[in-house]
Amino acid sequence: MKRFLLPLFLFLAVTWLMPLHLLAQDPTTKESDDTEVNFDFDPAKFKMGKKSGSRTNLEGYFGVGPTFITSNSTGSGAFVPTFKPWNSWSTDLGIMARTRLGGVNSSFNINYGLLWRYLNVETDKAYLTWDKATKIPKYDNSDPDGVTNTELNVHTLSVPVMLEFQKKVAIAVGGFVAFRISSNSELDRELADGDAQSALIADLGLNNVLYGVTGQIGYKKARIFVNYYLNNLFKENTTYDFTVMNIGIAVF
């Protein structure tokens, strides 16, 4: 299903930023008694990065990009899957606050917010399972017939905090903490009588709290971002030691 999410997310992001105003004209200024409703779309009216008199402002945030996984030593000789980062598109969506540091002309801000962060990790025909009794995850590479897609999906609530410098360019650096709220392992197969999709919704031996460093660079409200996780995707006493990194494009 994730193959259909990226176009939807991009549409929502563009819509989020579009300077589209619905104007209802005053009927007293018209010769007719009818009220006209016009869409006034003027890109010139959209002032990116305009200084605000308010010290704190809220903005919608959308980010999307590939997910890169580095496998460190597992310590057990367990099978490690082949990752497919350019098929693994992760997403940030939520609200960010920007608080100005100093006077109205200051270029420094503190950015913080609450984001739904969806981590997607697609693998090459390797399905993640786990032993519910021992809490040990395991990638199954038995390669059943007709497998078209195998992936791990992790949903978190992320709290980022960044120091931002915004002049002709915008640069922001900081960190984040992310709390896992759900996770599942998905297996898609193409069978003779149709397609089949199964999902194992479980803990899967994943860490409940993830944290890392984050950075952004760009022009005003369009930026390239990097999220680098400092702790293991899985719990420390499990088989795997995976480091996660997201690189992508974000818009405010």
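Please list, in chain and number order, the residues 5+ apart from residue 129 or on another chain whose amide H is under 5 Å from its amide H, with Hs placed from the backbone.
HN-HN under 5 Å from residue 129: 138, 139, 140.
If you take the beta carbon distance between residue 58 and residue 249 as r and set R0 to 22 Å, what does 1/(1 + (r/R0)^6) give as a FRET efficiency, to the nearest 0.05?
Values: r = 21 Å, r/R0 = 0.95.
The formula returns an efficiency of 0.55 here.
For segment 132-209, just list the percent of Cα-Cα distances falling in each 5 Å bin from zero outward, please.
Once binned at 5 Å, the Cα pair distances of segment 132-209 give 3, 11, 16, 14, 13, 11, 9, 8, 7, 5, 2, 0.
On the protein heavy atoms, probe 1.4 angstrom, tell me the percent of accessible surface of segment 178-252 carried by carbon and sulfur.
Within segment 178-252, the accessible surface is 59 percent carbon and sulfur.
Can you give the extra length, in nm with one decimal, that the chain gains between residue 141 and residue 168 once fully stretched, where that is 0.36 nm per residue apart less the Cα-Cα distance?
4.7 nm
From the phi of every residue in segment 84-89, what ³J(HN,Hα) in whole Hz does the Karplus formula 6.51 cos²θ - 1.76 cosθ + 1.60 yield, where θ is phi - 60° and glycine or proline is x?
Ordered by residue, 3J(HN,Hα) equals 10, x, 7, 9, 9, 9 Hz.
Rolling a 1.4 angstrom probe over the protein heavy atoms, how many square angstrom per residue are accessible across segment 158-252? All intermediate terms of the calculation are to be shown ahead of the outcome.
Details: 4460 Å² over 95 residues.
That works out to 47 Å² for each residue.
Based on C-alpha coordinates, I'd like the Rg and Dmax of segment 88-197, in Å.
20.6, 67
Using the Kirkwood radius over C-alpha pairs as Rh, can you work out the diffusion coefficient of segment 62-126 via Stokes-Einstein at 37 °C, viscosity 0.692 mPa s, in µm² per second?
Rounded to a whole number, D works out at 218 µm²/s.
The values are calculated or read from the model by the stated rules, or taken from the named source; none is laboratory data. Just so it is clear, the structure is predicted and the values come from calculations on it, not from any experiment. All Cβ positions, even for glycine, are placed from backbone atoms using ideal geometry, and neighbour counts span all protein chains on display. Keep in mind that these areas ignore ligands, DNA and RNA; they rest on the heavy atoms of the full protein, side chains included. Shrake-Rupley method; radii C 1.70, N 1.55, O 1.52, S 1.80 Å.
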